[in-house]
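The block underneath contains the structure these notes are about, expressed in structure tokens.
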Amino acid sequence: MSLIKTENLSYVYSQGSPFQVTALDNISITIEKGEFIGIIGHTGSGKSTLVQHLNGILKPTSGKVFFEGTDIFKDRQTTKNVRFKVGLCFQYPEYQLFENTVYDDIAFGPKNMGLSKDEIDEYVLEAASFVGIKKELLKKSPFELSGGEKRRAAIAGVIAMKPEVLILDEPTAGLDPKGRKRIERMIADYRQATESTVIIVSHSMEDIARTVGKVLVMNHGKAEMFAGVDEVFSKIERLPEIGLDVPSITRIMLRLRSLGYDVRTDIYTVEQAKDELLFLLKERGVL
Amino acid sequence: MIKDITIGQYFPGNSVIHRLDPRLKIVLIFAYIVAIFFCKNFQSIGLMLLLLFVTVLLSRISLKLIGKSLKPILIIILITSLLQIIYNKNGEVLLEYWKIKITTGGVYTAVFTTIRIAALVLASSMLTYTTSPTMLTDAIERLFSPLKIFNINVHSIAMMMTIALRFIPTLIEEVDKIMSAQKSRGADFESGNLAKRGKALIPIFIPLFINSFRRAYELAFAMECRCYRGGEGRTRLRQMKMALRDYLAFLITTASIAGIFVLNHFFAAVI
């Protein structure tokens with residue numbers, strides 16, 4: 001049985017008014033347990049709208065969403081429970097911090113789950129250590145933290161619910177390269193330690209290609225492609241058409257090919273490019 | 001939910017009504033609302049309704065939307081009409097049942113009140129439907145500029161109004177976002193007693209206030225960076241100038257208002 005499944009999912013904003021917009025158009029996807037998925041698409045392609053359906057924040061205009069085979073909108077209790085199993089971390093989550101201390105803010109989710117005090121303590125400390133928030137920071141007010149720390153504290157607030165699926169909407173947006181790297185590494189570590197399903201939303205192919213296993217490409221509310229990273233990159237020419245950037249290293253390979261060198265173009269990491277170029281040089285007898 | 005409220009909203013367009021000088025629009029609509037209360041018979045109030053109907057048609061705003069804007073006042077209209085019918089004892093008796101006496105005077109007043117309230121709401125919504133918030137505050141600033149002699153800083157007040165209006169949709173969007181984020185962490189805004197629900201609002205309002213202060217600072221800095229220093233000696237990109245259509249609108253409205261008094265004179269008053 002698949003973990004998450006959407007069936008002909010459609011969503012229309014402000015239906016019936018002059019401002020009506022179709023944000024999602026007939027999306028049917030299946031996500032298996034343990035997968036690491038990246039959702040990419042241009043601004044306004046429906047990425048954020050889609051993930052808000054997966055934990056029942058938005059109710060589809062038509063179509064269904066299943067979690068472990070049950071319709072998540074079956075009744076209110078089901079919807080509420082799904083929110084603890086599918087942890088969704090919104091874009092710029094640091095603007096949603098509100099408690100007196102970082103500890104209390106991270107504990108907000110576990111508290112709502114109705115756990116005991118000891119369990120809450122255990123969940124919070126574990127989440128804080130995942131995101132690298134030191135113990136002394138937990139006693140501080142969340143508004144005293146630096147930008148990157150706030151972001152990590154906010155992510156910890158979602159991880160602390162121990163969700164089976166973790167969805168992060170643009171987790172690195174607005175951070176410097178160091179902060180970005182730190183969060184990327186943190187997500188990878190988290191996935192390895194918990195073996196949970198992780199979904200990352202991004203508008204940058206470059207950020208996503210290195211880490212995830214499968215990519216969902218969104219375009220104008222439609223699921224354009226949903227396949228392994230290699231397969232998506234084999235159709236690389238399609239990306240600029242739907243407003244997505246091709247990673248710089250891939251652009252170099254495409255350029256080399258257009259100059260007449262016989263190189264592979266389904267390459268998206270510097271590692272792969274190095275191997276390919278060394279191979280090419282050897283073949284030509286340069287090395 | 002919150003997004004469905006249409007009163008005070010602006011619907012961009014390019015109709016004649018949209019392009020009228022906003023200062024004139026405010027004055028004319030004010031005069032119109034006062035004039036409605038001078039109508040004494042069906043002929044004169046009919047003339048006012050015709051004027052409003054023509055304005056609505058010219059503005060090209062869908063009639064469905066207009067109908068929607070009247071929905072919230074339906075209850076007020078129903079209650080006032082009912083009270084008029086029951087308590088007004090003037091004119092001929094139409095129906096008598098136990099202690100309730102319905103008279104022609106009561107029915108007429110009820111009809112007139114209904115028309116007046118509806119026309120009042122519709123006319124003022126037409127102003128906001130067809131005038132962008134910035135135009136509106138600009139016009140208010142101009143209209144109230146004589147108050148400067150009383151040392152009232154009209155410009156600052158108008159600027160504050162513009163900013164407040166500008167940020168209403170932003171704040172609504174933000175509340176929506178924060179609510180979704182806290183719901184994702186299992187917050188429950190829909191069940192429990194009043195105290196519990198009130199407490200559930202804390203996770204929404206604290207971030208909202210903090211973000212608003214942050215935004216206010218950022219906006220103030222951005223305005224200073226662009227050399228904003230109050231209204232003194234400030235010129236405008238859009239100079240308001242009366243055009244032919246404005247004079248025509250003025251003429252038609254004043255003629256209609258004059259028409260009320262003529263009709264009141266020649267036809268019997270029913271109210």
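For A:K33, state whether it is loosely packed, with under 15 Cβ neighbours inside 10 Å, farther than 30 Å from A:G147 by Cα and in contact (Cβ under 8 Å) with a residue 40 or more places away in the chain. Answer is yes for this residue. Here the helices (runs of 4 or more DSSP H) wholly within region A:62-175 that include at least 1 residues being β-branched (V, I, T), in contact (Cβ under 8 Å) with a residue 60 or more places away in the chain and in contact with a Cys (Cβ under 8 Å, 6 or more places away or on another chain) are A:147-159.
For the subset of region B:78-103 comprising residues that are hydroxyl-bearing (S, T, Y) and in contact (Cβ under 8 Å) with a residue 24 or more places away in the chain, which member is surrounded by the most Cβ atoms within 10 Å (Cβ to Cβ)? Here the residue is B:S81.
Per-residue answers, yes or no, for (1) within 14 Å of another protein chain (Cβ to nearest Cβ); (2) modelled with pLDDT of 85 or more; (3) under 30 Å from A:L54 (Cβ atoms):
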site: B:K183; (1), (2), (3): yes, yes, yes
site: B:E190; (1), (2), (3): yes, no, yes
site: B:L201; (1), (2), (3): yes, yes, yes
site: B:N211; (1), (2), (3): yes, yes, yes
site: B:A220; (1), (2), (3): no, yes, no
site: B:C225; (1), (2), (3): no, yes, no
site: B:R236; (1), (2), (3): no, no, no
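When region B:128-163 is limited to residues that are among the aromatic types (F, W, Y) and loosely packed, with under 15 Cβ neighbours inside 10 Å, the one that is farthest from the chain's Cα centre (by Cα) turns out to be B:F150. Looking at A:I106, A:I40, just one residue is at pLDDT 95 or above and open to solvent by less than 30 Å² (accessible area, probe 1.4 Å), and that residue is A:I106. From the list B:I75, B:I45, exactly one residue is open to solvent by less than 40 Å² (accessible area, probe 1.4 Å) and out of contact with any strand residue (DSSP E or B) (no Cβ under 6 Å at 6 or more places or on another chain). Which is it? Exactly one residue qualifies, and that residue is B:I45.
Tell me which of these B:D188 doesn't satisfy, since it passes every other one: (1) open to solvent by less than 50 Å² (accessible area, probe 1.4 Å); (2) within 31 Å of the chain's Cα centre (by Cα). Among (1) open to solvent by less than 50 Å² (accessible area, probe 1.4 Å); (2) within 31 Å of the chain's Cα centre (by Cα), the lone unmet condition for B:D188 is (2). Take A:F84 and tell me if it is in contact with a Lys or Arg (Cβ under 9 Å, 6 or more places away or on another chain) and away from chain B (no Cβ under 13 Å). It is false that A:F84 is in contact with a Lys or Arg (Cβ under 9 Å, 6 or more places away or on another chain) and away from chain B (no Cβ under 13 Å).
The set of residues from region B:223-263 being among the small types (G, A, S), surrounded by 14 or more Cβ atoms within 10 Å (Cβ to Cβ) and farther than 20 Å from B:I17 by Cβ comprises B:G231, B:G259. Residues that are within 15 Å of A:F90 (Cα to Cα), within 14 Å of chain B (Cβ to nearest Cβ) and touching a Leu at 6+ places or on another chain (Cβ under 8 Å): does region A:31-43 have at least one? No: region A:31-43 contains no residue that is within 15 Å of A:F90 (Cα to Cα), within 14 Å of chain B (Cβ to nearest Cβ) and touching a Leu at 6+ places or on another chain (Cβ under 8 Å).
Flag: A:A223 matches the condition of being touching a residue at least 24 places away in the same chain (Cβ under 8 Å), part of a strand (DSSP E or B) and open to solvent by 30 Å² or more (accessible area, probe 1.4 Å). Taking each residue of region B:164-178 that is open to solvent by less than 50 Å² (accessible area, probe 1.4 Å) and looking for partners that are among the polar types (S, T, N, Q) with beta-carbon atoms closer than 6 Å, six or more apart or interchain, yields B:I178/A:Q96.
The numbered conditions (1) within 13 Å of chain B (Cβ to nearest Cβ); (2) surrounded by fewer than 17 Cβ atoms within 10 Å (Cβ to Cβ); (3) not β-branched (V, I, T) are all true for A:Q52 except (2).
Go through B:L263, B:L165 for me and flag whichever is of a type outside the set (K, R) and touching a Pro at 6+ places or on another chain (Cβ under 7 Å).
Within the list B:L263, B:L165, the selection yields B:L165.
If you go through region A:144-161 and keep only what is among the charged types (D, E, K, R) and within 12 Å of another protein chain (Cβ to nearest Cβ), you end up with just A:K150. Among the residues here, A:T78 qualifies as farther than 19 Å from A:P171 by Cβ, touching a Phe, Trp or Tyr at 6+ places or on another chain (Cβ under 9 Å) and not acidic (D, E).
Here is a yes/no grid of residues against (1) modelled with pLDDT under 90; (2) under 22 Å from A:Y11 (Cβ atoms); (3) touching an Asp or Glu at 6+ places or on another chain (Cβ under 6 Å); (4) open to solvent by 50 Å² or more (accessible area, probe 1.4 Å):
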| site | (1), (2), (3), (4) |
| --- | --- |
| A:I183 | no, no, no, no |
| A:R191 | no, no, no, yes |
| A:S204 | yes, no, no, no |
| A:V215 | no, yes, no, no |
| A:M218 | no, yes, no, no |
| A:P247 | yes, no, yes, no |
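What tally of residues in region A:58-72 results from selecting those that are open to solvent by 20 Å² or more (accessible area, probe 1.4 Å) and within 14 Å of chain B (Cβ to nearest Cβ)?
Residues that pass the stated criteria total 2.
None of B:S212, B:S191 is closer than 30 Å to A:N100 by Cα, without any contact (Cβ under 8 Å) to a residue 24 or more places away in the chain and either out of contact with any strand residue (DSSP E or B) (no Cβ under 7 Å at 6 or more places or on another chain) or in a helix (DSSP H, G or I) (or both) except B:S191.
The values are calculated or read from the model by the stated rules, or taken from the named source; none is laboratory data. All values derive from a computational prediction rather than experimental measurement. Cβ: placed from backbone, ideal geometry, glycine included. Neighbour counts: every protein chain shown. Calculation scope for accessible area: heavy atoms of the full protein, side chains included, ligands and nucleic acids excluded. Shrake-Rupley method; radii C 1.70, N 1.55, O 1.52, S 1.80 Å.
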